[in-house]
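The values are calculated or read from the model by the stated rules, or taken from the named source; none is laboratory data. This is a predicted model, so every value here is computed, not measured. All Cβ positions, even for glycine, are placed from backbone atoms using ideal geometry, and neighbour counts span all protein chains on display.
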Amino acid sequence: MWAFGWNQCKFGYYNSEIWWDAYQQYKNFSIPLDTMWGDIDYMDDYKVFTYSKQTYADLPQKVA
């Protein structure tokens, strides 16, 4: 069922604040959101399974 839910993905979330703001806007307007996907912007030098400690330093706390 999760795959049929609303998935938000976008190139251009250059830092966690932009990403978090998009998430908050879904909440503010009561729009259902099942998951958020990040494009390559969150990665550390575009390495798979990494995230930038500079621009996404607080990502683990926000995901929690």
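Points to keep in mind about this one:
- Within region 49-64, considering residues that are polar (S, T, N, Q) and surrounded by 12 or more Cβ atoms within 10 Å (Cβ to Cβ), the one farthest from G12 (Cα to Cα): T50
- Any chance S30 is assigned to a loop (DSSP other than H, G, I, E, B) and at positive phi: yes
- Candidate set: region 1-45, residues that are over 10 Å from the mean Cα position of the chain (by Cα) and of a type in the set (D, E); chosen: the one modelled with the lowest pLDDT: D34
- Subset of region 6-24 [out of contact with any strand residue (DSSP E or B) (no Cβ under 9 Å at 6 or more places or on another chain) and either charged (D, E, K, R) or surrounded by 12 or more Cβ atoms within 10 Å (Cβ to Cβ) (or both)]: Y14, N15, S16, E17, I18, W20, D21
- The set of residues in region 53-64 that are part of a loop (DSSP other than H, G, I, E, B) and farther than 13 Å from E17 by Cβ comprises K53, A64.
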